[in-house]
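Data first, discussion second: the structure below is written as structure tokens.
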Amino acid sequence: MGLLDGKVAIVTGAGRGLGRGEAIELARQGARVVVNELDPEIGKAVVDEIESAGGEAALDTGDCSEDETARGLVRTALDTWGRLDALVNNAGILRDRTVAKMTPDEWDAVVKVHLRGHFLPTHYACAHWKDSGQPGRIVCTASTSGLLGNFGQANYGAAKAGIAAFSTIVAMEMARYGVRCNAIAPAARTRMTEGAYGSLQDRDSEEGEAFDFWHPDNVAPLVAYLCSELAGDISGKVFGVQGDAVELYQPFTSAAAIQNHDTRWTPEGIAARVHELFDESGIVAEVENMMGKLRFSMTDRSTI
Ligand SMILES: NC(=O)c1ccc[n+]([C@@H]2O[C@H](COP(=O)([O-])OP(=O)(O)OC[C@H]3O[C@@H](n4cnc5c(N)ncnc54)[C@H](O)[C@@H]3O)[C@@H](O)[C@H]2O)c1
């Protein structure tokens, strides 16, 4: 008995890295999986792997940030297996550059794949769940780069912070239709992060060897859980996930306030009292490297 027996799921960008591990884990838990992946060869390899383990999968090789592909993903699930239970928005790319050097193309490419690539499949899945009255699960893929800020990733971080906000709002809008939507902020060794967490060659550690903390497949069990009925009471949340650690992020929260006795502030008035905000909250006024304070990271990207 798997957690997802009888269910049908879509995973975008499922050919390698985190998406590959997620698609295979969902199938291991009993789900039939629409494997979306731009690169047909590696997408087919994931489908083959699922099928050779006794599961069922269908390949889609479109760009998930294009309308026709996103619509087609939901259609493939419904035409092939007659239902859709879960959508995992995972596909992503990087075009790292500091903001002064970043080109408009580098900005647009990243924002498109992440934000449109989350919006469009979610739109078609939610329209189906709303019309059919069936419940659904969505897992979005944010990043600490967006939640905390990361040097050299203005495009990626802006998109990933947007995904966290998107996920919260989808959770609110779709609650009444029985749809739960959560986001993860993962960290693992993949093509995207090679170097920061070791070499990709490290990944094939043998059974019985020491726990491989940065292995990409460590992320998949949380995603499978969030897609299951066991997580029916969780929605609109952002989870950190890496190695053997699952974290819960707090949303942006007001940490302190000053008021001006029912009168509009002047700039000088604010200047005279703004220190109260920092004193009360303990937050420092200067820019901080929040990534440097992560419990589970060792990324140093300051050379970009
Ligand atoms: N690896 C990490 O530590 C980490 C950290 C934070 C967030 N993430 C996020 O996790 C997700 C997966 O990243 P990964 O590390 O596995 O990267 P990856 O590069 O190993 O895999 C991403 C896959 O998505 C596919 N893809 C890219 N654009 C696509 C599109 N438009 N349509 C369909 N497929 C597309 C790629 O071909 C690739 O196979 C991304 O959203 C990434 O931003 C990863």
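Bear in mind these aren't lab numbers, they're just calculated from the coordinates by the rules spelled out. Just so you know, these numbers come straight off a predicted model, no measurement behind them. All Cβ positions, even for glycine, are placed from backbone atoms using ideal geometry, and neighbour counts span all protein chains on display.
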- Apply 1/(1 + (r/R0)^6) to the Cβ-Cβ distance of Glu247 and Leu277, taking R0 = 25 Å, and write down the FRET efficiency to the nearest 0.05. 0.40
- Note on the structure: Once amide hydrogens are built 1.01 Å from N within the peptide plane, the residues lying 5 or more places from Ile138 or on another chain with amide H under 5 Å from its amide H are Leu87, Arg180, Cys181, Asn182
- Rounded to the nearest 500, what is the 222 nm mean residue ellipticity of the chain from helices alone, with -39500 (n - 2.57) per DSSP H run of 4+ residues and division by all residues? -11000 deg cm²/dmol
- Task: Return His118, His123 ranked ascending by Cβ neighbour count within 10 Å, so the fewest neighbours appear first.
- Result: His123, His118
- Message: Quick check on the exposure proxy: order Trp265, Trp107 from fewest to most C-beta atoms within 10 angstrom.
- Response: Trp265, Trp107
- Task: Could you calculate the contour length gain from Arg83 to His123, that is, 0.36 nm times the residue separation minus the distance between their Cα atoms, to one decimal place in nm?
- Result: 12.8 nm
- Which residue, Ala70, Ala245, Ala255, tops the fluctuation ranking in a GNM of the chain built on C-alpha contacts under 10 Å? Ala255
- Message: Quick check: the distance between the Cα centres of region 27-55 and region 74-106, to the nearest angstrom?
- Response: 17 Å
- Note on the structure: Between Asp67 and Ile169, Cβ-based FRET efficiency (R0 25 Å, step 0.05) works out to 0.75
- Task: Go ahead and run the numbers for FRET between Thr266 and Glu286, Cβ-Cβ distance against an R0 of 30 Å, rounding to 0.05.
- Result: 0.80
- What is the sum of charges around Ala231, taking Lys and Arg as +1, Asp and Glu as -1, for the other residues whose C-beta is under 9 Å from the C-beta of Ala231? 0
- Task: Could you sort out which of Lys44/Lys293; Lys7/Lys160; Lys130/Lys237 sit more than 30 Å apart by Cα distance in this structure?
- Result: Lys44/Lys293
- Message: Using Cα-Cα distances under 8 Å and only pairs 6 or more residues apart, what relative contact order does the chain have, in percent?
- Response: 17 percent
- Note on the structure: Highest GNM mean-square fluctuation among Ser235, Ser167, Ser132, for the chain with Cα springs under 10 Å, belongs to Ser132
- What residues qualify as long-range amide H neighbours of Ala57, i.e. H under 5 Å apart, gap of 5 or more or another chain, H built at 1.01 Å from N? Val33
- Summed over the other residues with a beta carbon less than 14 angstrom from that of Ile42, with K and R at +1 and D and E at -1, the charge totals -2
- Task: Based on the mean of other Cβ atoms within 10 Å per residue, sort peptides 92-100, 21-29, 9-17, 218-226 so the most packed one is first.
- Result: 9-17, 21-29, 218-226, 92-100
- Message: Only Cα pairs within less than 10 Å get springs; with that Gaussian network setup on the chain, which residue of Asp244, Asp79, Asp279 has the largest fluctuation?
- Response: Asp279
